[in-house]
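The structure under discussion appears below in the form of structure tokens.
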């Protein structure tokens, strides 16, 4: 009996070890959410979703990713096919620190034969007081004008450790055949302003796109006698332009019907929308975190809308996120391209990864992304200017447009320089 007892004990130990090993393999499988075979039905905005995936908090996950997750070899494409037909060019590099060694928040458009690029700029760091907006133009691939001031510093230029008014670019918009640049004021309320941009470089006077918030303050160059507090007619038209063109501000909040706290309690930022192949609208935001406080889940969050009413709270998806701002474009045939940094090897690990590679994820219907490509890889490991706060390596915060069969993508390089990539759509085998 003692011999049998020993054998049973050994078998029991081996069984426990095997079960533990199995549990560890399931837990760390790169494309596996917790939940196993358990299936639930959830209402995500106007769409009913069935899922067997759950995040680390036990919240149901909206399944939208059937592509592989990234490998650990991030700087060589993260295991995704590298798009060899992509062409890269420099848009602008600061020659000296005083030109602004921090550059970020890309916005791109093509209008009347020219490409227009704008971005946020500061000498000392990200979102520091006095952050301004620059722009450049191009009518020939690879050749850009020198950067010019589009929206000057709205107040005193100070270090990132101080508080104060600053600007973040939002969108280019064309209204009645006139090109407008829209940027958001931060640090003195949060609200949009705009100005027209002529083909000859002539800039119109800045004006409000929304009424000035009760707690808001105007940029210094909009103050003085008769300072505006009410948006003019063209400002209201620009505000309506977003909804008429399947657009939403990166900074959209309650006024847009966007709830920035997800159903699992995570804080969300940087909203964008696109129209799926069936005509329904899809809203996505990313989880928020910093290198020193990596509370994010490395997931994109989603809500669905049939075009009526506001947005219901967002749910976690299995779309990976580095984290970084992303953008989606719907092509004429209903194919959706998600451009961002979907380069995460595991979910719910609070990873903060360099934004390298920059990726394109492809969905034929806007609901399931099943292919991923590396659009650009191998970002610089060193900065030309040191001591600038809030930067991180990689290609980030892209802005993309489709023009004459090419995908053009503007982005920051390490938040120091501005670059652009173009790719023939045929390279995606659509």
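Structure notes:
- Among (1) free of Cβ contacts under 8 Å to residues at least 40 places away in the same chain; (2) in contact with a strand residue (DSSP E or B) (Cβ under 8 Å, 6 or more places away or on another chain), the one test that residue 392 misses: (1)
- The number of residues in the stretch 169-189 being surrounded by fewer than 17 Cβ atoms within 10 Å (Cβ to Cβ), assigned to a strand (DSSP E or B) and under 25 Å from the mean Cα position of the chain (by Cα) comes to 2.
- Among the candidates 313, 345, the residue that is closer than 14 Å to residue 271 by Cβ and more than 18 Å from the chain's Cα centre (by Cα) is uniquely 313.
- Of all the listed residues (156, 129), the sole one being outside any strand (DSSP E or B), in the same structural domain as residue 238 (by TED's automatic domain parsing), more than 23 Å from residue 252 (Cβ to Cβ) and out of contact with any helix residue (DSSP H, G or I) (no Cβ under 9 Å at 6 or more places or on another chain) is 129.
- Residues that are part of a strand (DSSP E or B) and touching a residue at least 40 places away in the same chain (Cβ under 8 Å) within the stretch 249-268 comprise 261, 268, listed in sequence order.
- Meets criteria (assigned to a loop (DSSP other than H, G, I, E, B), in contact with a strand residue (DSSP E or B) (Cβ under 8 Å, 6 or more places away or on another chain) and in the same structural domain as residue 255 (by TED's automatic domain parsing)) for residue 316: no
- Residue list for the stretch 274-294, filter: part of a loop (DSSP other than H, G, I, E, B) and over 23 Å from residue 365 (Cβ atoms): 288, 289, 291, 292, 294
- Scanning the stretch 190-215 for residues that are modelled with pLDDT under 95 and under 28 Å from the mean Cα position of the chain (by Cα) yields one hit, 215.
- Against the test of being in a strand (DSSP E or B) and touching a strand residue (DSSP E or B) at 6+ places or on another chain (Cβ under 8 Å), the options 297, 271, 322 yield a single qualifying residue, 271.
- Failed criterion for residue 106 (all others in (1) under 27 Å from residue 321 (Cα atoms); (2) assigned by TED's automatic domain parsing to the domain that holds residue 174; (3) not in a strand (DSSP E or B) hold): (3)
- Subset of the stretch 354-390 that is outside any strand (DSSP E or B) and buried (at least 19 other Cβ atoms within 10 Å of the Cβ) - its residue that is modelled with the lowest pLDDT: 354
For (1) over 22 Å from the mean Cα position of the chain (by Cα); (2) under 25 Å from residue 195 (Cα atoms), each residue gets a yes or a no:
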| position | (1), (2) |
| --- | --- |
| 51 | yes, no |
| 60 | yes, no |
| 84 | yes, no |
| 95 | yes, no |
| 111 | yes, yes |
| 129 | yes, yes |
| 133 | no, yes |
| 145 | yes, yes |
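- Note on the stretch 244-272: residues that are surrounded by fewer than 20 Cβ atoms within 10 Å (Cβ to Cβ) and in contact with a helix residue (DSSP H, G or I) (Cβ under 9 Å, 6 or more places away or on another chain) total 3.
- Residue check for residue 159: on the phi < 0 side of the Ramachandran plot, over 20 Å from the mean Cα position of the chain (by Cα), touching a residue at least 40 places away in the same chain (Cβ under 8 Å) and surrounded by 16 or more Cβ atoms within 10 Å (Cβ to Cβ): no
The values are calculated or read from the model by the stated rules, or taken from the named source; none is laboratory data. Every value quoted in this text rests on a predicted model; they were computed, and no experiment measured them. Note: ideal-geometry Cβ built from the backbone for every residue, glycine included; neighbour counts use all protein chains shown.
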